[in-house]
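Note sheet for the following structure.
Values in this text are rule-based calculations from the coordinates and carry no lab data. Because the structure is predicted, anything quoted here is derived from the model rather than measured. Neighbour counts run over all protein chains shown; Cβ positions are idealised from the backbone, glycine included.
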């Protein structure tokens, strides 16, 4: 970002001070990201999520507003803006009003350090990933606030569950970041990406079996931190009505969901950055603009792949119980993440240059898994074919 | 040892579940998008003997009042008078209150010509109860009188045939089954 502003200042002859231009560029790009990217992106993710579930559940989903129902998110947003903002009599009004903003602030602040392309990042902090994992934990403060200030048992239970869950899963999530930090020697998001290549063999994910395991642990832990199924205990519609958001209505309620869908993107971006080579594309052109667009597209595609997987998991897996949640975290994920950390360090000591053979073998393993998965899907498709006659439902 | 077993069980069962849900992406949606996005109208997919909203073909109504007597909740009201000059039966009123009707089908069974019959139409919602009363007689008409030589009016023949078919298939279903 600074380099971009420097080149812009060199071409113009205005007497702007450098610091002022940096500040202006930062705020301008930040505002552009929040209003031009995060809000529509969170909305479109909501539409996409409903369509994906619908497809998995043999339904159609929202398809009336705009082409394929694409503008459903705008309609929902407008509807919720116009709705009455009810604040319960017994609630603590100040905290009740404040809570959604803190939740949203927690996830929007993460975008400061999330890269979009080689030169597109609001601020390339040298503690990037640490900053993101610290700032996304702010969400739990807002959720606990919402749960407590609603003065309602369901909300309270939801808030407490969320607090215990997010704080527990911070540990495996943090431990899973360590192998990557060891490999790249930096906490900066751009630095981590630059340490990888565009080819899958050069990704951190396939560096050693330990990093592959760390990758899985990381995704599971991030899902739990984002309150996604199978870890959506704080919301738990069947048990807690809507959990911490029970008493909220109108736009305040929507802000919680905005944070949830926005968090999905943050999860995907972290996965893409840490383990999947981020925006790395083969250097096919010298044109900076074209390269930036390609990098942006690559990063977006990788991120949305993980967003899609999160939706897919949500439509597949049932919710875990509270005791299962805790035993999964403390008995399985924390030890495995610990082993990954020391294992990666050991691999780095034994083969400091890294082993290409191991990377290719792990890539092959992944490919084998994908092929097996494809065959399994094909098997289920063949089995289901005899039921899939539309005429059985509606004689024509 | 169950520790490792639990982990492999978790991953294999998730693998299986995810493959089943992924196969859904290639399967058709079962949703019937009633009412506007259908390949055919729902009404046309219903069986012929479906008991929908009642309809009366006044052209072949004999004014025998069999349906009015058969109706267990008196939702059919018929006024028929003899015209003094022409000796013909004149239908002055034929109202069916669809708000009361319970779709039992007892009125269409005794009808000699199949004039009163159920259609496959079921979308009857309206803004007031009064508008659910179907008034078939707009201006008084002569009741239908069967001719001994058989019907020869080309406008009535198809309606009469429909009525006879309806009687055979609806009012006497056991006859059709045998």
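Averaged over peptide B:26-34, the number of partner chain Cβ atoms lying within 10 Å of each residue's Cβ comes to 6. If R0 is 25 Å, the Cβ-Cβ spacing of residue B:14 and residue A:361 corresponds to a FRET efficiency of close to 0.60. Potential lengthening of the chain between residue A:82 and residue A:167 amounts to 27.1 nm, from the contour at 0.36 nm per residue minus the alpha-carbon distance. Among B:126-134, A:124-132, sorting by the average number of other beta carbon atoms lying within 10 angstrom of each residue, highest first, gives A:124-132, B:126-134. Mean separation of Cα pairs under 8 Å and 6 or more residues apart, divided by the residue count, gives chain A a relative contact order of 20 percent. Descending by average beta-carbon neighbour count within 10 Å, the peptides B:25-33, A:168-176, A:263-271 line up as A:263-271, A:168-176, B:25-33, the highest first. Kirkwood analysis of the Cα pair distances in the stretch B:2-43 returns a hydrodynamic radius of 13.6 Å. Fewest neighbouring Cβ atoms within 10 Å first, the residues B:119, A:94 line up as A:94, B:119. Sorted ascending by nearby beta carbons within 10 Å, beginning with the fewest, A:329, B:101 become B:101, A:329.
With just the Cα atoms defining each centre, how far is the stretch B:1-71 from the stretch A:229-287? Give it in Å. Taking the Cα centre of each part, the stretch B:1-71 and the stretch A:229-287 sit 34 Å apart. If R0 is 56 Å, the Cβ-Cβ spacing of residue A:288 and residue A:326 corresponds to a FRET efficiency of close to 0.70.
Applying 1/(1 + (r/R0)^6) with r as the Cβ-Cβ distance of residue B:3 and residue A:346 and R0 = 22 angstrom yields a FRET efficiency of 0.55. Summarising the label geometry, the points placed 7 Å from Cα in the beta-carbon direction at residue B:169 and residue A:101 lie 6.9 nm from one another. Here is how the number arises for the protein assembly as shown: DSSP H runs of 4 or more residues each give -39500 (n - 2.57), the sum is divided by the residue count, and the result at 222 nm is -17500 deg cm²/dmol. Taking all Cα pairs closer than 8 Å and separated by 6 or more residues, the relative contact order of the stretch A:184-247 comes to 11 percent. Which residues among the stretch A:60-98 fall inside the zone where the amide N is under 13 Å from a point 7 Å beyond the Cα of residue A:384, along Cα→Cβ? Counting backbone N atoms under 13 Å from the label point, the list is A:60. Taking a quarter of the surface of the Cα convex hull of the protein assembly as shown gives a mean projected area of 42.2 nm². Here, P(r) means the percent of Cα pairs in each 10 Å bin from 0 to the largest distance; for the stretch B:47-177 it is 12, 41, 35, 10, 1.
Looking at the stretch A:28-150, the pairs of alpha carbons with a distance over 26 Å make up 41% of the total.
Taking every alpha-carbon pair under 8 Å whose residues sit at least 6 apart, the stretch A:89-244 reaches a relative contact order of 26 percent.
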